[in-house]
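Participant: Please find one structure pasted underneath; my questions will follow.
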Amino acid sequence: MNDTNRDKDLTQLLQQHNLKVTGPRLSILNILAARDIGTSQPDLENILKPEVDRVTLYRALKTFTDKGIIHKVFDTHGTATYALCSDSCTEHQHHDEHLHFNCTVCNQVYCLNDIQFPEIKLPTGFTSDFMTFTAAGICNRCHKE
């Protein structure tokens, strides 16, 4: 997808969630949309300097997570990484029940969207706000090196 089409799609995404379309928001979403890996807040901060300050970035990530635009996955070191949600996510429930793969060599977190999990029935009295599924090992890029 070229940058112009991506910008249009991301503008529509913000509008669908009743969010103001701003340069910083579009910049953040553009980075996440262009990557096949989860991206941490510190990495986003470094990429976006000086255009987007830390507070604006933090607020945008929280808003995007709350609205079901992105999801947060923790790597094996406990660092939060962010990736775009599927189209079925809403601000009331995330539907990212796919495998997250954390490479123990490069520490990248990949969303493996093609690997879905069956519905998990929790015991009576338990309510889940979200579920994450994580595997750790060596990614295909690190195997090649």
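Only the coordinates and a few stated rules stand behind these numbers; no lab work does. Keep in mind that what you see is a predicted model, and the values were worked out from it rather than measured. Methodologically, a virtual Cβ is constructed for each residue, glycine included, from the backbone with ideal geometry; neighbour enumeration extends over all protein chains shown.
Participant: Which residues, taken from the range 30-81, are out of contact with any Leu (no Cβ under 8 Å at 6 or more places or on another chain), in contact (Cβ under 8 Å) with a residue 40 or more places away in the chain and more than 25 Å from A136 (Cβ to Cβ)?
Facilitator: G68
Participant: Also, I was wondering about something else. I'd like to check something: does the range 8-27 contain any residue that is under 17 Å from the mean Cα position of the chain (by Cα), in a helix (DSSP H, G or I) and closer than 27 Å to I138 by Cα?
Facilitator: No.
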